[in-house]
Amino acid sequence: MKQDLTVSVKDLKGIGAKTAELFGACGVRSVEELLRYYPRTYERMEGPVRAADFREGERFAVSCTLLRTPALRHAGRYAILTGEATDGETQFHVTWFNQPYLKNSLYPGRPYILRGYVRRKGNAFVMEQPAIYAPADYLAMSEELIPRYSLVKGLKNSTVIKAMREAVSRAAGLPDILPADLKKRRDLMDLSDAIRTIHFPGDEECLRRARRRLAYDEFFYFLLGTRLFRSGEKEEDAGIRMEEKPAVMDLVKRLPYRLTGAQQRVLDEIRKDMTGGWRMHRLVQGDVGSGKTILALLAMLLTVENGYQTALMAPTQVLAAQHYETFLKLTESYGLNFRPVLLDGTLTASGKRKIHEEISQGACNCVIGTNALMQDSVEYRALGLVITDEQHRFGVRQRELLAKKGEQPHVLVMSATPIPRTLAMILYGDLEVSLLDELPADRKRIKNAVVTPADREKSWRFIAREVQKGRQAYVICPLIEESEAEEMGNVENTRDYSEKLRSSLPREIRIDVLNGRMKTEEKDLVMTRFAAHEIDVLVSTTVVEVGVNVPNATVMMIENAERFGLATLHQLRGRVGRGGDQSYCIFVNTSSGEAAAERLGILRDTNGGFAIADQDLKLRGPGDLFGVRQSGAFAFRIADIYEDADLLRLAAEDVGGLLAEDPMLAEPSHRDLKDKAMRESALDVTTL
């Protein structure tokens with residue numbers, strides 16, 4: 001019997017209101033969402049070793065007994081439990097943090113298997129925060145891969161596993177609507193088998209096949225929905241024909257700098273599109289600082305000089321406000337024909353009504369805002385150009401909904417995400433691609449350093465010196481809080497790291513935290529305060545990858561840098577180097593492997609984003625089954641455009657073949673495919 005997977009997770013055994021609330025904080029409210037809550041990594045319980053074989057910085061399991069009852073002491077907010085253990089030949093130290101209750105459940109002489117990361121302290125080894133197992137239980141677990149999920153405080157990995165087992169049993173026999181010929185041609189696992197296996201894999205090969213099927217599905221339905229939406233909404237090629245206006249090139253001549261060759265080339269492409277009599281659909285890709293904003297302004301100036309309105313949509317309120325301030329200053333400085341307004345979610349009801357009226361009457365010709373620009377209540381008098389900033393933050397449907405506010409307006413999208421051209425042409429299949437592959441000559445090169453954890457305090461002292469000069473700094477951590485780090489070893493989280501900095505840096509240095517689980521209003525407030533220099537050091541996850549312009553920030557320090565893709569690291573580095581002062585990026589490599597050193601060496605020696613993206617594409621394997629997800633571009637839960645580039649190409653080929661046979665998926669056998677594809681194409685990007 002077909003199970004209803006749309007029911008609340010509270011329908012699962014053992015999940016009450018409190019646990020359901022914790023799942024909700026992870027974005028999981030229904031059983032269906034739980035099934036798509038894929039593990040962030042997997043763990044193989046390796047066999048126990050002798051303590052004499054310990055190596056610093058690695059994780060081991062050891063069969064041992066405790067010599068005495070562990071001792072408990074307190075240091076600030078930490079409760080520290082320390083003990084001595086032996087494997088019968090070698091003694092070693094054991095330490096647990098904030099688990100004082102263990103003192104009454106650990107007995108000297110009783111056999112345990114302890115598993116944790118090892119550090120050297122003087123001449124002895126210390127096993128930190130080890131998990132504790134009965135030997136028989138550990139032996140049973142060592143025969144399978146253990147899924148590890150992203151967690152919030154209060155939610156245990158064991159709770160997720162228990163709920164997932166029941167959810168997976170309900171998904172047995174789930175209908176698989178992907179055409180059978182595609183599954184056979186691409187050797188794809190059945191959908192219900194893939195869902196079961198991704199959560200509870202028997203071995204690495206089964207896991208790879210399950211991940212391949214689910215990643216293929218994400219690409220396939222995203223691309224299919226994108227192509228369907230564009231073909232269903234596409235107008236004739238004829239668009240608003242605009243005339244060349246002298247104000248555009250006059251402004252170019254009056255700027256205090258010369259456009260780069262790349263900027264001039266892309267500007268010529270934009271002008272040719274807009275004056276050529278066909279509707280422009282163009283993507284402008286360029287590194288941070290390559291000059292996308294001035295090109296957007298020039299396109300908007302051409303639009304308003306022709307008597308049309310223009311709209312620029314940014315992914316956050318803070319970024320929209322920053323664009324608005326930039327346009328106001330340029331308008332005043334050069335006497336431009338702009339009458340700009342800012343439309344976002346912070347306005348009062350009366351403020352919105354006033355701006356809506358100005359837009360509908362044409363009193364303003366330049367509208368800047370967030371997705372508030374798409375609301376039904378917003379009516380444009382003569383919308384001629386739509387610009388979206390950081391296109392991958394919006395679904396294709398969002399962009400087109402804004403474009404539908406006018407009569408065939410031109411569409412320009414901008415992105416600083418360094419995606420190789422071959423992949424960009426697939427992902428942005430409806431857009432012409434322009435590349436800004438040149439930085440202004442006066443832009444200072446960011447100085448890069450790859451350091452080890454031993455250099456961490458030295459790096460903090462450097463940050464303190466920059467702050468004392470009046471500068472600001474970012475520190476990036478992979479995780480949000482300690483509960484996510486279960487069994488991951490030495491991986492930094494924003495919550496604890498901010499406390500370390502507060503205790504290590506001078507007291508007058510102002511430190512705050514930003515992460516993707518915060519509400520939009522909270523994130524915007526933190527970024528606004530950082531931009532206003534009310535915060536000196538911002539400890540954050542990769543949520544700042546696309547953020548506001550803070551020219552005063554001169555240091556970017558990235559912890560556990562080896563756990564990120566090169567393109568993501570370059571995006572993070574782009575948060576600094578935006579002002580006139582020398583900027584620095586510090587990559588902390590916590591791995592001893594040669595591959596990590598090679599990858600980070602590319603970042604150290606190269607500042608060009610698209611060259612780095614190409615290297616990223618070459619270096620990625622078929623997917624790291626036991627690592628942190630590497631890139632956050634687009635709304636994919638498990639697929640990665642770099643690791644799965646070949647799979648993306650196959651999915652694009654299959655979508656093209658399917659639509660060649662049935663362009664609108666009108667055949668009854670394709671109805672479910674069409675419905676799913678249209679839903680998937682409307683997905684918004686997930687926060688990190």
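The values are calculated or read from the model by the stated rules, or taken from the named source; none is laboratory data. All of these numbers come straight from a predicted model, not from anything done at the bench. In this analysis, Cβ positions are derived from the backbone assuming ideal geometry, glycine residues included, and neighbour counts consider all displayed protein chains.
Scanning the range 640-678 for residues that are within 30 Å of Leu619 (Cβ to Cβ) and not in a helix (DSSP H, G or I) turns up Asp640, Ile641, Tyr642, Glu643, Asp644.
Answer yes if at least one residue in the range 257-266 is aromatic (Phe, Trp, Tyr), touching a residue at least 60 places away in the same chain (Cβ under 8 Å), over 30 Å from Glu143 (Cβ atoms) and touching a helix residue (DSSP H, G or I) at 6+ places or on another chain (Cβ under 8 Å), and no otherwise. No: the range 257-266 contains no residue that is aromatic (Phe, Trp, Tyr), touching a residue at least 60 places away in the same chain (Cβ under 8 Å), over 30 Å from Glu143 (Cβ atoms) and touching a helix residue (DSSP H, G or I) at 6+ places or on another chain (Cβ under 8 Å). I'd like the residue in the range 660-677 that is surrounded by fewer than 17 Cβ atoms within 10 Å (Cβ to Cβ) and of a type in the set (A, V, I, L, M) and, out of all such residues, is nearest to Arg185 (Cα to Cα). This residue is Ala660. Being more than 16 Å from the chain's Cα centre (by Cα) and free of Cβ contacts under 8 Å to residues at least 40 places away in the same chain, is that true of even one residue in the range 581-589? No.
Assess whether Val126 counts as being β-branched (Val, Ile, Thr), surrounded by 16 or more Cβ atoms within 10 Å (Cβ to Cβ) and either in contact with a Pro (Cβ under 9 Å, 6 or more places away or on another chain) or outside the structural domain of Gly83 (by TED's automatic domain parsing) (or both). Break it down stepwise before answering.
Numbers: β-branched (Val, Ile, Thr): yes; surrounded by 16 or more Cβ atoms within 10 Å (Cβ to Cβ): yes; either in contact with a Pro (Cβ under 9 Å, 6 or more places away or on another chain) or outside the structural domain of Gly83 (by TED's automatic domain parsing) (or both): no.
In short, no.
Reported count of residues in the range 261-303, each being farther than 18 Å from Cys366 by Cβ, β-branched (Val, Ile, Thr) and surrounded by fewer than 19 Cβ atoms within 10 Å (Cβ to Cβ), is 1.
Among the candidates Tyr138, Tyr101, Tyr117, single out the residue that is surrounded by 14 or more Cβ atoms within 10 Å (Cβ to Cβ), of a type in the set (Phe, Trp, Tyr) and part of a helix (DSSP H, G or I).
Values: Tyr101 fails: surrounded by 14 or more Cβ atoms within 10 Å (Cβ to Cβ); Tyr117 fails: part of a helix (DSSP H, G or I).
Going through Tyr138, Tyr101, Tyr117 in turn, just one is surrounded by 14 or more Cβ atoms within 10 Å (Cβ to Cβ), of a type in the set (Phe, Trp, Tyr) and part of a helix (DSSP H, G or I): Tyr138.
Filtered by the rule that a residue be surrounded by fewer than 18 Cβ atoms within 10 Å (Cβ to Cβ) and under 22 Å from Ala473 (Cβ atoms), the range 579-615 gives Gly579, Gly580, Asp581, Gln582, Arg604. So which residues in the range 48-70 are closer than 16 Å to Glu128 by Cβ and either small (Gly, Ala, Ser) or outside the structural domain of Phe125 (by TED's automatic domain parsing) (or both)? If the condition is that a residue be closer than 16 Å to Glu128 by Cβ and either small (Gly, Ala, Ser) or outside the structural domain of Phe125 (by TED's automatic domain parsing) (or both), then Ala51, Gly57, Ala61 are the ones that fit. Considering the range 366-418, and only residues there that are under 18 Å from Phe327 (Cβ atoms) and among the acidic types (Asp, Glu), the residue that is modelled with the highest pLDDT turns out to be Asp389.
Residues checked against (1) more than 24 Å from the chain's Cα centre (by Cα); (2) in the same structural domain as Ala553 (by TED's automatic domain parsing); (3) at pLDDT 95 or above; (4) part of a helix (DSSP H, G or I):
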| residue | (1), (2), (3), (4) |
| --- | --- |
| Asp455 | yes, yes, no, yes |
| Ser483 | no, yes, no, yes |
| Glu487 | no, yes, no, no |
| Ser498 | no, yes, no, yes |
| Arg502 | yes, yes, no, yes |
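For Arg282, the conditions (1) of a type outside the set (S, T, N, Q); (2) in contact with an Asp or Glu (Cβ under 6 Å, 6 or more places away or on another chain); (3) over 19 Å from Glu432 (Cβ atoms) all hold with the exception of (3). Considering the conditions (1) in contact with a Lys or Arg (Cβ under 9 Å, 6 or more places away or on another chain); (2) not in a helix (DSSP H, G or I), Ala194 is excluded by exactly one of them, (2). Could you tell me whether the range 557-570 includes any residue that is under 16 Å from the mean Cα position of the chain (by Cα), surrounded by fewer than 24 Cβ atoms within 10 Å (Cβ to Cβ), of a type outside the set (Gly, Ala, Ser) and under 24 Å from Gly289 (Cβ atoms)? Taking every residue of the range 557-570 in turn, none turns out to be under 16 Å from the mean Cα position of the chain (by Cα), surrounded by fewer than 24 Cβ atoms within 10 Å (Cβ to Cβ), of a type outside the set (Gly, Ala, Ser) and under 24 Å from Gly289 (Cβ atoms).
Need at least 3 residues that are within 30 Å of Pro420 (Cβ to Cβ) and modelled with pLDDT of 90 or more per element, so show me which strands (runs of 3 or more DSSP E) inside the range 511-611 make the cut, counting only ones lying wholly within it. So that I can check it myself, show each step before the final result.
Working: elements: 511-514, 537-540, 553-558, 584-588.
Fully inside the range 511-611 and qualifying: 553-558, 584-588.
Does the range 59-97 hold any residues that are basic (Lys, Arg) and either touching a Gly at 6+ places or on another chain (Cβ under 8 Å) or surrounded by 13 or more Cβ atoms within 10 Å (Cβ to Cβ) (or both), and which are they?
Going residue by residue through the range 59-97, those that are basic (Lys, Arg) are 59, 68, 73, 77.
Arg59, Arg68 - these are the residues of the range 59-97 that are basic (Lys, Arg) and either touching a Gly at 6+ places or on another chain (Cβ under 8 Å) or surrounded by 13 or more Cβ atoms within 10 Å (Cβ to Cβ) (or both).
In the range 19-43, how many residues are among the charged types (D, E, K, R), touching a residue at least 40 places away in the same chain (Cβ under 8 Å) and either exposed (fewer than 15 other Cβ atoms within 10 Å of the Cβ) or assigned to a loop (DSSP other than H, G, I, E, B) (or both)? Don't jump to the end; show me each part of the working.
Filtering the range 19-43 for residues among the charged types (D, E, K, R) gives 21, 29, 32-33, 36, 40, 43.
Restricting the remaining residues to those that are touching a residue at least 40 places away in the same chain (Cβ under 8 Å) gives 36, 40, 43.
So of that shortlist, the ones also either exposed (fewer than 15 other Cβ atoms within 10 Å of the Cβ) or assigned to a loop (DSSP other than H, G, I, E, B) (or both) come out as 36, 40.
Counting residues in the range 19-43 that are among the charged types (D, E, K, R), touching a residue at least 40 places away in the same chain (Cβ under 8 Å) and either exposed (fewer than 15 other Cβ atoms within 10 Å of the Cβ) or assigned to a loop (DSSP other than H, G, I, E, B) (or both) gives 2.
Would you call Val160 crowded, with 19+ Cβ neighbours inside 10 Å and touching a Phe, Trp or Tyr at 6+ places or on another chain (Cβ under 6 Å)? Don't jump to the end; show me each part of the working.
Working: crowded, with 19+ Cβ neighbours inside 10 Å: yes; touching a Phe, Trp or Tyr at 6+ places or on another chain (Cβ under 6 Å): yes.
So Val160 passes the test.
Looking at the range 233-244, can you tell me whether even one residue there is surrounded by fewer than 17 Cβ atoms within 10 Å (Cβ to Cβ), touching a Phe, Trp or Tyr at 6+ places or on another chain (Cβ under 8 Å) and either β-branched (Val, Ile, Thr) or in contact (Cβ under 8 Å) with a residue 60 or more places away in the chain (or both)? Yes: one or more hits.
Leu191 fulfils the conditions (1) free of Cβ contacts under 8 Å to residues at least 40 places away in the same chain; (2) surrounded by fewer than 16 Cβ atoms within 10 Å (Cβ to Cβ) except for a single criterion, (2). Taken as a whole, the condition of being among the aliphatic types (A, V, I, L, M) and more than 20 Å from Gly656 (Cα to Cα) does not apply to Ile177.
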